[in-house]
């Protein structure tokens, strides 16, 4: 059902590579929590974003990539919806991928914000979700994003050539975490050194278009 006076505009963004054998019916089933949350009866009915200038939810049959740049009105319960959606995408993804979720306070007006910080702060929030066909694939993309963030910060003070030890330390942390999974599951260890991208940022972020 349509959510009137929803406290947040929720923007979901990310590109998820899917297996070559995946068909539309499987995508619709995986994204069922999203389109039902939007009050639609099918994925096609909910694929358009709340903003016309956003692509919405699209599947490229040639590249087998599910692209999402989609805004929906909602509340904190969307976090549970994302957990269910990620579980569905894990079943059809071909590689690990991040999904950015931004919560924008619909009642906050920067121009009319009071000078006092006691009750005038926006309730904006941001979280990252990760999907992938295996725990190894998910850990890989998490590792790539962390390395990019750490290197980006430290390159302000050091040359990139000096940061190999830092990257090695991050790899070691993820290797130790992954070894705990390997001890109980038959999984191949994740590769190292792949690049990634992240949407992390502080403060009130503008509604982003990609």
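Brief remarks on what is shown
One line per residue, one yes/no per condition, for (1) in contact with a strand residue (DSSP E or B) (Cβ under 7 Å, 6 or more places away or on another chain); (2) at pLDDT 95 or above; (3) not assigned by TED's automatic domain parsing to the domain that holds residue 28:
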| position | (1), (2), (3) |
| --- | --- |
| 89 | yes, yes, no |
| 105 | yes, no, no |
| 108 | no, no, no |
| 113 | no, no, no |
| 116 | no, no, no |
| 129 | yes, yes, no |
| 145 | yes, no, yes |
| 161 | no, no, yes |
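- Selection status of residue 101, within 23 Å of residue 22 (Cα to Cα) and either in contact (Cβ under 8 Å) with a residue 12 or more places away in the chain or touching a helix residue (DSSP H, G or I) at 6+ places or on another chain (Cβ under 7 Å) (or both): no
- Residue check for residue 167: buried (at least 17 other Cβ atoms within 10 Å of the Cβ) and more than 28 Å from residue 85 (Cα to Cα): yes
The values are calculated or read from the model by the stated rules, or taken from the named source; none is laboratory data. From a predicted model like this one, the values you see are computed outputs, not experimental measurements. Note: ideal-geometry Cβ built from the backbone for every residue, glycine included; neighbour counts use all protein chains shown.
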